[in-house]
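The structure under discussion appears below in the form of structure tokens.
Laboratory data are not the source of any read-out in this text; all were calculated from the coordinates shown. The model shown is predicted, which means the values in this text are computed figures rather than measured ones. All Cβ positions, even for glycine, are placed from backbone atoms using ideal geometry, and neighbour counts span all protein chains on display.
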Amino acid sequence: MTEAALGTRTKREAYPHVTAWDRLKTNREWLGAWFMLPAAAFLVLFLAYPLGLGVWLSFTDARIGRTGVFIGTENYEWLWDDSVFWVSVFNTLLYTGVASAVKFAVGLYLALLLNENLPFKAIIRSVVLIPFIVPTVLSAIAFWWLFDSQFSIISWSLKKLHLISTNIDFLGDPWTARWSVIFANIWRGVPFIAITLLAGLQTVSPSLYEAATIDGASAWQRFRFITYPLLTPIIAVVMTFSVLFTFTDFQLIWVLTRGGPINATHLMATLSYQRAILGGHLGEGAAIATAMIPFLLAAILISWFGLQRRKWQQGESND
Amino acid sequence: MTDVLASKQIDPRSVLTGSAALADHSEGMSYLHSLPRRLVTLYLPLGIIMFVLMFPFYWMVLTAIKPDEQLLDLETFNPFWTWTPTLKHIQKLLFESNYPLWLWNTMMVAMSATVLSIAASVLAAYAIVRLRYKGAQWVGGAIFLAYLIPPSILFIPLSTVVFQYGLFDTPFALILTYPTILIPFSTWLLMGYFKTIPFELEECALIDGASRWQILTKIVLPLAVPGLISAFIFCFTLCWNEFIYALTFISSTSHKTVPVAIVNEFVDGDIYRWGSLMAGALAGSLPLVVLYAFFVEHYVSAMTGAVKE
């Protein structure tokens, strides 16, 4: 009997009692919650809450230093009749449309060029990315100097070549100002698109091109029926990002023109800054910012369908 | 949605150096093209694009070292070169302005925000990829969506939030808000890296009695160092580049970051301001370009990782 008692005792020591605390320590849900806590705290306090607050502010007459009261859709009705707002919507769409299309075309072309066998390939590819590394504001300041109305080197060179007779007022005239800021945006965006598409291009096997050439495909056909379809998924994602960040651009415009001349280059983001922070009408600015959300949702949906297509191309099911 | 992530790893080294990652080491059909043909179809367009991409930097550097009188007189001096470079603008910038302070502010804010974000992202990414708690996939998707919310629709409500929390015009306003831009990106990137670490390693450690925390710090993190470097330098660059929050939340000169200070403090009516403006832009860009030069491959991997969806 004593032996039996001893036996159970040693047994108990060999398998120490598992407390609820021990179980909790290895519980996925419990551990997961703690691991997620820091990131979740940041994203809820400084992202989700402000996002909701922004929508709420757009329905109030809040000003700087005063919490507003609910006024329904008055801000939106006010914007609906505001010609400056519609100019900013037009500018934003023009800016996004033209800049994204050109960035895509030039970026893809540059990616195809960089994909060829080149001397000093690695160095050239690294250098291409520099416009993307340098802070936008600082390169925008360089553009500001290049676009100076009196001492622009571009005007000077064109005059020396006898292509123009007077200086171009790059940022002073509504339409030249629009094209100038679009150019600066394209300049900054092309390297990003080129390098990411180049990464996609390198997953395309050269043997596909060889096979197509043997079958008599032209250069255009090789691009159209091999390169383009294989690159579609990465193009979808890259262009979603590009469109999204061009649409909500602020820095470039603020440094180059601050929305001028006569509001000709105001984007929705710069207009909302001017109304909300400089003008103090937080509610109205929030309404302009909220009006951008439907466009962003459209961009996200396009990205989503890009992903679906990618799965299908890899032979997985569409779920 | 998250499963697609690891399926197609792009080797950053190959992006820079060529097609080494391909299964068949074929050099393609480029040997078929003659040199004159390559000149027109390849070198010429590449040269033009590279010239346009690089010219603003050349102009920035040249303006920063040109004497004032040559800057505005395009007729008597050749505007594309200078034989009498001067360090006057840079000296003025470093010793007669608050520029070193702004540089320090930017560095400090970028460093703190990056470290905070990477710490939070490592935990979150590990939990989503390896703990796989209930709903982890949905959280992964939500973080991708958070990545798509741009600062320009958040800065107005955030300014009231920052004011309520009593952070307005302190460096903490930036240190605590920048992670909202950085965490979604770096979590997404690190999730991709953690997925490439073999599951078996963790199973062995679990059998040997390691806790999850020990697994993370002693097995997963050492293996994910390249990913951490990528996330770190990319986050650092994003912080350095950030403008709209710094413009909105900081009002006193002594707390400003370089991009905001250069736009607000250097821009006065002075016609000779260009030299010091360009010197300021150059000095603000150089730290990032040097960092980039050392970590090109990590940078490219962060960028391609970011769009790997």
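Three principal axis extents describe the C-alpha atoms of the protein assembly as shown; from largest down they are 114, 73, 51 Å.
Pairs exceeding a 26 Å alpha-carbon distance, out of B:88/B:256; B:92/B:256; A:103/B:66; A:159/B:66; A:25/B:134; A:25/B:195: A:103/B:66. Measuring nothing but how far apart in sequence close Cα pairs (under 8 Å, 6+ apart) lie, relative to its length, segment A:131-273 scores a relative contact order of 30 percent.
Within 10 Å of the Cβ of each residue in B:68-74, the mean number of Cβ atoms contributed by other protein chains is 2.
Ordered by the count of other Cβ atoms within 10 Å of each Cβ, fewest first, B:188, A:179 give A:179, B:188. Principal-axis analysis of the Cα atoms of chain A puts helix A:293-313 at an angle of about 60° to the longest axis. For chain B, the residue among B:105, B:178, B:91 whose Cα projects farthest onto the positive side of the dipole built from Cβ charges is B:178.
Calculate for chain B the 222 nm mean residue ellipticity that helices alone would give, adding -39,500 (n - 2.57) per DSSP H run of length 4 or more and normalising by residue count, nearest 500 deg cm²/dmol. Walk me through the intermediate numbers first.
Working: 17 runs with 194 residues, N = 309.
-19000 deg cm²/dmol, from helical runs alone.
Temperature 20 °C, viscosity 1.002 mPa s: under these conditions the Stokes-Einstein estimate for chain A, based on its Kirkwood radius over C-alpha pairs, is 88 µm² per second.
Across peptide B:43-52, the average count of Cβ atoms from other chains found within 10 Å of a residue's Cβ is 4.
P(r) for segment A:32-100: what percent of alpha-carbon pairs falls in each 10 Å bin, starting at zero? Taking all Cα pairs of segment A:32-100, the binned fractions are 17, 26, 30, 21, 7, 0 percent. Over all orientations, segment B:98-306 has a Cα convex hull whose mean projected area works out to 13.6 square nanometres.
If the only charges are +1 at each Lys and Arg Cβ and -1 at each Asp and Glu Cβ, what is the size of the charge dipole of chain B around the Cα centre, to the nearest 20 debye?
On the way: 16 positive and 20 negative charges, 114 e Å.
That gives chain B a dipole magnitude of about 540 debye.
Scanning chain B for DSSP H helices at least 18 Å long along the axis (C-alpha atoms) with a Kyte-Doolittle mean no lower than -1.0 picks out B:44-65, B:99-126, B:179-195, B:225-241, B:274-294. Equivalent ellipsoid of segment A:181-307: semi-axes from √(5λ) of the C-alpha gyration tensor, largest first, are 41, 16, 10 Å.
Suppose only helical runs count, i.e. DSSP H with n ≥ 4. What mean residue ellipticity at 222 nm does that imply for chain A under -39500 (n - 2.57) per run, divided by all residues and rounded to the nearest 500 deg cm²/dmol? Could the numbers behind the result be given before it?
Numbers: 18 runs with 218 residues, N = 319.
It lands at -21500 deg cm²/dmol.
Packing order of peptides A:141-154, A:55-68, highest average first: A:141-154, A:55-68 (average count of other Cβ atoms within 10 Å over each peptide's residues).
Ordered by the number of other Cβ atoms lying within 10 Å of each residue's own Cβ, fewest first, A:162, A:281 fall into the sequence A:162, A:281. Each residue in A:273, B:193, A:209, A:49 was given a count of other beta-carbon atoms within 10 angstrom of its own, and listing them fewest first yields A:49, A:209, B:193, A:273.
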